[in-house]
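K.L.:
Sharing a structure here in structure tokens format.
The values are calculated or read from the model by the stated rules, or taken from the named source; none is laboratory data. Treat the numbers as computed from the prediction; the structure is a model and nothing was measured. All Cβ positions, glycine included, derive from the backbone under ideal geometry; neighbour counts span all protein chains shown.
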Amino acid sequence: MEKMNPKKIKEGISYLRRLDCIDEAEGKNGWITLRLTKKGRLKALNCQLNNIKNKKEEWDRKWRMVAFDIPQSYKRGRDALRRKLKKIGFCELQKSVFITPYECKEEIKALVKFFDLEKYVRFGILEYIDNEALFIKYFKILK
């Protein structure tokens, strides 16, 4: 294991602070606690989400589905969720139903929580979907 360079750590913390990705608080015992800000949590979540379509594991022959019915009062969150699902490679079956062959349950839970939409979004794992050949071709899955 490589020894950590204190100077590099301080530079990294300073950089994250300038980007408004972390804030800090001093505890009673004199320790400094670093926390991700909302912007920092979003950046970390984006990294997790972008890794979904880069997974190289063998397909387990299951489809992950995200379905939602989000009211107009949450339009910004709904639109952001839809855009993000498309960006990370989900296939849109209907306006509010998306699928992917990639394991992503925890990442989707985090995304839905970030936008405070847990009440309106469902995640499921499907063993069968009709017209599967079309989706296998869409995702360029090698059987």
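K.L.:
Would you mind telling me which numbered condition in (1) farther than 22 Å from GLU107 by Cα; (2) surrounded by 12 or more Cβ atoms within 10 Å (Cβ to Cβ) GLU26 fails?
P.N.:
(2)
K.L.:
Still on this model: State whether one or more residues within the range 25-38 are farther than 30 Å from GLU127 by Cα, charged (D, E, K, R) and modelled with pLDDT under 85.
P.N.:
If we filter the range 25-38 for residues that are farther than 30 Å from GLU127 by Cα, which is where we start, we get 25-38.
If we keep only those that are charged (D, E, K, R) as well, we get 26, 28, 35, 38.
Next, only the ones that are modelled with pLDDT under 85 stay: 26, 28.
Looking for residues that are farther than 30 Å from GLU127 by Cα, charged (D, E, K, R) and modelled with pLDDT under 85, one finds at least one in the range 25-38, hence yes.
K.L.:
Let me ask something else. What do you reckon, is ILE22 in contact (Cβ under 8 Å) with a residue 12 or more places away in the chain, in contact with a helix residue (DSSP H, G or I) (Cβ under 9 Å, 6 or more places away or on another chain) and more than 18 Å from PHE139 (Cα to Cα)? Reasoning before the result, please.
P.N.:
Working: in contact (Cβ under 8 Å) with a residue 12 or more places away in the chain: yes; in contact with a helix residue (DSSP H, G or I) (Cβ under 9 Å, 6 or more places away or on another chain): yes; more than 18 Å from PHE139 (Cα to Cα): yes.
So ILE22 fits the description; yes.
K.L.:
For the range 88-143, please list each of the strands (runs of 3 or more DSSP E) lying entirely inside it that holds at least 3 residues being at positive phi and surrounded by 15 or more Cβ atoms within 10 Å (Cβ to Cβ). I'd like the intermediate steps shown before the answer.
P.N.:
On the way: elements: 91-94, 97-100, 121-126.
Strands (runs of 3 or more DSSP E) meeting the threshold: none at all.
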